[in-house]
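*Asks:* Supplied in structure tokens, the structure appears directly below.
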Amino acid sequence: AMLRSPEIALSAVGSILASMSLDLSVYVSDLSKTFSTNLRSKDDNTREDAIEATLALGRQCSDQSAVESLLESIFGVLNGSEGKISLNTMKVSLLTAAGGLTESGVTGGGVANLAVVATKLYVKFLEVEAHEGTLVTALEMLANWAAKYSNQIPEQFISWFPKGMALKTTTSGVRSAYLVCLACSLHTNTLSSAVPLIPSLSKVVDNAVKQSAQVAIVSEAVHAAACLVKIAGVDLATEQSLAELLTLVVDTEKCMFYQEKFLAGAGAAAHQSLTSLITTLLISHMDKVGSIPTPMMRSLAICIMSSVQCLFCQKTCRSTLTPD
């Protein structure tokens with residue numbers, strides 16, 4: 001059935017694979033081509049079915065090489081192995097499937113190894129893609145993998161990040177996506193590998209200081225600042241090099257992040273980054289904060305309530321759209 005009419009069979013394949021209790025790693029070579037090819041179908045439903053089938057297959061695979069093969073098959077199609085892809089909706093389906101493979105059956109160090117492989121594949125795509133929406137999707141999916149880095153951020157991402165941020169064609173939305181992606185990669189073991197990105201991140205904050213009335217520009221800066229205050233925890237020398245930034249972000253009267261206009265106009269992602277920024281300051285840089293200023297705590301409360309409201313609205317929307 002998969003060979004004769006894959007677009008019809010795919011609607012059931014995802015559910016069948018998900019219900020199995022077998023390790024399907026050995027079958028990836030047989031199924032990956034069909035799934036990947038249908039991820040670029042002109043039919044929306046077929047692409048959705050192909051995403052579901054691909055992710056179900058990934059969840060049933062515990063072998064790292066099998067999931068790696070599945071990733072490479074997806075990016076092969078994305079890069080034109082089945083013919084050039086001109087529709088961005090097709091690219092988004094392929095990128096989404098690749099990003100969803102973070103939930104594969106692979107465990108332990110294999111997940112971090114896959115994250116490195118996925119990063120190389122995504123960076124190569126970012127180097128040649130120009131469409132804003134597709135770039136944002138690619139970075140959102142890469143962020144899923146970035147959260148899986150174990151000891152360091154891959155060199156491919158570190159090298160590309162400043163270039164991607166500085167491209168003349170890079171919009172504010174894409175820059176924010178880059179910054180959020182980086183934020184997802186930062187934890188205790190990876191912080192030191194992000195030190196080379198300090199100049200690029202500092203430039204974003206400096207730009208917002210000069211254009212503090214622009215909510216989109218300040219949103220970029222809050223993402224960058226959230227990253228920088230974490231990187232400041234690498235060692236004393238790094239913290240001292242970021243002394244000017246730390247002075248800015250604890251000054252609730254001068255810092256643009258705590259102003260009413262920004263808090264009212266910023267989106268959910270910026271609120272989340274501001275929450276991360278304030279939390280890091282209170283936990284790791286309390287000596288700089290001193291007595292907790294009311295504007296900082298008020299901003300934290302607004303961000304948290306905004307996130308809760310956003311989740312409530314999403315739940316309400318799903319309930320409304322779901323038939324009884």
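*Asks:* Please give the peptides 41-49, 216-224 ranked by average Cβ packing (other Cβ atoms within 10 Å per residue), highest first, as a rough proxy for protection.
*Replies:* 216-224, 41-49
*Asks:* Given the -39500 (n - 2.57) contribution per DSSP H run of 4+ residues, what per-residue ellipticity at 222 nm results for the chain, rounded to the nearest 500 deg cm²/dmol?
*Replies:* When only DSSP H runs of four or more count, the value is -22500 deg cm²/dmol.
*Asks:* A further question follows. Under 28 Å Cα-Cα from K33, which lysines qualify once same-chain neighbours fewer than 8 residues away are excluded?
*Replies:* K42, K84, K91, K120, K124, K148
*Asks:* Got a sec to turn the phi values of the range 85-98 into Karplus ³J(HN,Hα) couplings, 6.51 cos²θ - 1.76 cosθ + 1.60 with θ = phi - 60°, whole Hz, x for Gly and Pro?
*Replies:* Karplus-based 3J(HN,Hα) across the range 85-98 equals 9, 9, 8, 5, 5, 5, 4, 4, 4, 5, 5, 5, 4, 5 Hz.
*Asks:* Which of the listed residues, N45, T34, Q259, is farthest toward the dipole's positive end in the chain, when Lys, Arg count +1 and Asp, Glu count -1 at the beta-carbon?
*Replies:* Q259
*Asks:* Also: For the ranges 91-97, 157-163, 71-77, what's the packing order if you count other beta-carbon atoms within 10 Å of each residue, average per peptide, and put the highest first?
*Replies:* 91-97, 71-77, 157-163
*Asks:* How far apart, in nm, are the 7 Å Cα→Cβ label points at Y27 and A130?
*Replies:* 4.3
*Asks:* Give, rounded to the nearest 20 debye, the magnitude of the charge dipole that the chain has about its Cα centre when Lys and Arg contribute +1 at Cβ and Asp and Glu contribute -1 at Cβ.
*Replies:* Computed about the Cα centre, the dipole is about 480 debye.
*Asks:* Something else now. Could you run the Karplus curve 6.51 cos²θ - 1.76 cosθ + 1.60 with θ = phi - 60° over the range 253-270 and give me ³J(HN,Hα) per residue in whole Hz, x for Gly and Pro?
*Replies:* Residue by residue, the range 253-270 yields 7, 9, 5, 5, 5, 9, 7, 4, 4, 5, 4, 6, x, 6, x, 4, 5, 5 Hz.
*Asks:* Output the peptides 10-20, 285-295 sorted from most to least packed, where packing is the average of other Cβ atoms within 10 Å over each peptide's residues.
*Replies:* Per-residue mean Cβ counts within 10 Å order the peptides as 10-20, 285-295.
*Asks:* Related question: Treating the angle as unsigned and between 0 and 90°, give the value, to the nearest 10°, between the Cα long axis of helix 294-321 and the longest Cα principal axis of the chain.
*Replies:* Taking Cα atoms only, the helix is inclined about 20 degrees.
*Asks:* Hey, another quick one. Using just the C-alpha positions of the chain as equal point scatterers, what log10 of I(q)/I(0) does the Debye formula give at each q in 0.08, 0.12 1/Å?
*Replies:* Reported log10 I(q)/I(0), two decimals: -0.42, -0.89.
*Asks:* Further, regarding this structure: Less than 15 Å Cβ to Cβ from T247, Lys/Arg counted +1 and Asp/Glu -1: what total charge do the surrounding residues give?
*Replies:* Within the 15 Å Cβ shell, the charges total -4.
*Asks:* Out of V123, A221, S81, whose Cα points farthest toward the positive end of the dipole of the chain (charges: +1 Lys, Arg; -1 Asp, Glu; placed on Cβ)?
*Replies:* Positive-most Cα among the choices belongs to A221.
*Asks:* Name the shape class, rounded, prolate or oblate, that the alpha-carbon gyration tensor gives for the range 84-183, where a ≥ b ≥ c are the square roots of its eigenvalues, rounded holds for a/c under 1.5, and otherwise prolate holds if a/b is larger than b/c and oblate otherwise.
*Replies:* Verdict is oblate for the range 84-183.
*Asks:* With θ set to phi - 60°, apply the Karplus curve 6.51 cos²θ - 1.76 cosθ + 1.60 along the range 120-129 and write out the HN-Hα couplings as whole Hz, x wherever there is a Gly or Pro.
*Replies:* My calculation for the range 120-129 gives 4, 5, 5, 4, 4, 5, 4, 5, 10, 7 Hz in order.
*Asks:* One quarter of the convex hull surface, Cα atoms only: what value does that give for the range 144-190 in nm²?
*Replies:* Answer in nm², one decimal: 3.2.
*Asks:* Normalized C-alpha radius of gyration of the range 8-116, against 2.2 N^0.38 Å?
*Replies:* Against the empirical 2.2 N^0.38 Å value, I get 0.99 for the range 8-116.
*Asks:* Further, regarding this structure: Report relative contact order for the chain in percent, whole number only (criteria: Cα-Cα under 8 Å, sequence separation at least 6).
*Replies:* 11 percent.
Here, each number is a calculation from the coordinates, and none is a lab measurement. Not measured: the values here are computed from a predicted model. FYI the Cβ positions are ideal-geometry reconstructions off the backbone, even for glycines, and counts take in every protein chain you see.
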